[in-house]
Every structure is written in structure tokens, then in C-alpha cells.
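A quick write-up on the structure given underneath.
The values are calculated or read from the model by the stated rules, or taken from the named source; none is laboratory data. Since the model is a prediction, treat every value here as computed from it, not as a measurement. Counting neighbours? That spans all protein chains shown, and the Cβs are built from the backbone with ideal geometry, glycine included. These area figures cover heavy atoms from the full protein model, side chains too; ligands, DNA and RNA do not enter into them. Shrake-Rupley method; radii C 1.70, N 1.55, O 1.52, S 1.80 Å.
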Amino acid sequence: MLIAAVALAVALVAGVGAVGLFGRDAGSDTGGDAQAGGDTGPLPLVSIPAPEAGSDACRRMLEAVPEELTSSGRTLERRELAEPAPPAAAAWGRDNPVVLRCGLDRPPELTRTSSLRQINGVQWLHVPDESGPSATWYVVDRPVHLALTVPEGTGTGPLQRMSDLADEHLKQVSPF
């Protein structure tokens with residue numbers, strides 16, 4: 001009996017170790033690349049107020065967004081949005097996607113004393129998510145407000161690419 005119990009314990013430890021080494025969930029990475037596991041269906045997004053989502057500026061911006069973004073050397077493919085999809089929105093990646101929204105209201109965190117960051121000629125307001133491991137960056141110096149929500153661990157590639165597109169397709173205005 002004792003030998004059988006020891007053999008069973010050794011087999012259990014070996015099985016758990018094998019699952020740990022070979023059975024990792026591919027969807028546990030931050031940005032989720034196109035080849036990783038995880039959710040492959042349309043991404044449901046909650047609709048939020050975006051009064052300028054139907055503007056020409058948002059239309060131009062959304063027409064210009066790429067099919068792929070690079071984040072920390074990984075390729076994030078554009079994700080289909082579930083219906084009813086919010087207007088002027090796009091997403092890339094799987095489990096924790098990068099999400100762009102256009103035409104939002106002015107962020108309440110934007111004040112005259114806000115610390116803005118300039119990326120490729122575009123001013124951004126960084127707003128960390130208090131409830132999770134992500135942050136939203138708002139473009140604040142264009143005629144429409146853009147929001148790019150990125151999961152923790154996302155590299156600077158998405159911010160740089162959206163900065164380039166905003167600078168190319170939207171005229172600069174004062175953030176205040």
C-alpha cells in the first residue's frame with residue numbers, strides 16, 4: 001500500500017509538472033498575437049459617449065488605421081468588433097486587445113495642470129486604469145479626442161503608430 005501511495009504521488013507531481021511546462025494557456029500574454037490562442041471571435045466593446053464619432057475627422061482616422069500594429073516586436077492583427085459595434089472604434093490583438101476610439105468627450109482628467117506627453121508631434125494624456133492592468137491614452141491636441149486603451153506590457157509601437165496617423169490626418173489644435 002505504501003509503495004502504491006508513493007508511486008501515485010510521484011505520478012501526480014510529474015503530471016502537474018508536465019501540464020505546467022507544456023500546457024500553458026497561450027492566451028495569457030498581454031497583447032495577444034494573431035497566432036496565440038484565446039478568443040478568436042468578434043470582440044464585444046461597451047458603447048461609451050462619442051458625440052463626434054460620426055465626424056469627418058474620425059472617418060479619416062478610422063480609414064487610415066492599419067490591419068496590424070507592432071507591440072514589443074509582436075504583431076497584433078486587427079480584430080473584428082461584435083455587433084452592435086460602437087462607432088469609430090477599432091481593436092488589435094486577442095486576449096487583452098489594444099482599443100482605439102475616436103470622437104469621445106473631452107476627458108475629465110484633462111486640466112490646465114495635466115501632464116501631457118508628446119509622442120511624434122502629438123500630445124497625449126495618460127490615464128491609468130484604477131481597476132485593472134491597463135491604461136488609456138487620450139490625444140488632446142486634435143479637433144476630435146482619440147482614446148487608445150493598452151494593456152499593461154504593451155510596447156510603445158501602438159502609441160507611436162496612432163500618433164503618426166493623428167498627425168497625418170488631423171490638424172493640430174490647442175488642447176485647452
Q.
Give me the residue from segment 47-84 that is part of a strand (DSSP E or B), basic (Lys, Arg) and modelled with pLDDT of 95 or more and, out of that set, farthest from residue 156 (Cα to Cα).
A. 79
(Q) Can you report the number of residues in segment 139-155 which are open to solvent by 60 Å² or more (accessible area, probe 1.4 Å) and at pLDDT below 95? (A) 1
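Residues to consider are 81, 165, 125, 116; find the one that is in contact (Cβ under 8 Å) with a residue 12 or more places away in the chain, of a type outside the set (Val, Ile, Thr) and under 16 Å from residue 58 (Cα atoms). Don't jump to the end; show me each part of the working.
Numbers: 81 fails: under 16 Å from residue 58 (Cα atoms); 125 fails: under 16 Å from residue 58 (Cα atoms); 116 fails: under 16 Å from residue 58 (Cα atoms).
Among 81, 165, 125, 116, only 165 is in contact (Cβ under 8 Å) with a residue 12 or more places away in the chain, of a type outside the set (Val, Ile, Thr) and under 16 Å from residue 58 (Cα atoms).
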Q) Given 122, 127, which one is touching an Asp or Glu at 6+ places or on another chain (Cβ under 8 Å) and open to solvent by 20 Å² or more (accessible area, probe 1.4 Å)? A) 127
Q. Taking the condition of a type in the set (Ser, Thr, Tyr) and open to solvent by 30 Å² or more (accessible area, probe 1.4 Å), does residue 136 pass?
A. no
Q) Among (1) farther than 26 Å from residue 174 by Cα; (2) out of contact with any Phe, Trp or Tyr (no Cβ under 6 Å at 6 or more places or on another chain); (3) at pLDDT 95 or above, where does residue 94 come up short? A) (3)
Q. Looking only at strands (runs of 3 or more DSSP E) that fall completely inside segment 90-176, which ones have 2 or more residues that are touching a Cys at 6+ places or on another chain (Cβ under 9 Å)?
A. 98-104, 145-151
